[in-house]
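Read through the structure below, which is laid out as structure tokens, and then see the notes.
The values are calculated or read from the model by the stated rules, or taken from the named source; none is laboratory data. Values in this document were obtained by computation on a predicted structure and should not be read as measured data. Just the protein is used for accessible areas: all its heavy atoms, side chains included, with ligands, DNA and RNA removed. Shrake-Rupley method; radii C 1.70, N 1.55, O 1.52, S 1.80 Å.
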Amino acid sequence: MRRDATLGAISFILASRIYDERSLEYNGIGHKGATALANALANNESLHTLNLEYNGIGHKGVTALANALAYNESLQTL
């Protein structure tokens with residue numbers, strides 16, 4: 001699957017309100033993917049746990065995720 005398609009699928013999953021726990025470890029998300037995830041997380045109200053281990057997110061990705069947490073009140077474990 002192409003990287004863009006993978007990120008689109010991940011963002012869709014996070015934007016949905018079906019899941020309360022997701023493990024996305026070892027997906028090669030990188031900082032661009034983390035930024036896309038951050039946009040989805042900012043609007044997600046159902047996800048409580050998100051595992052992003054081993055994705056090479058880096059400083060830029062972590063910063064984007066941290067900024068998204070200012071808008072997300074449901075996520076308890078990242």
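Would you list His48, His59 from the most to the least accessible area, probe 1.4 Å?
Order by accessible area, largest first: His59, His48.
With every protein chain kept in place and ligands, DNA and RNA left out, what is the accessible area per residue of segment 22-77? Probe 1.4 Å, answer in Å².
Dividing the accessible area of segment 22-77 by its residue count gives 57 Å².
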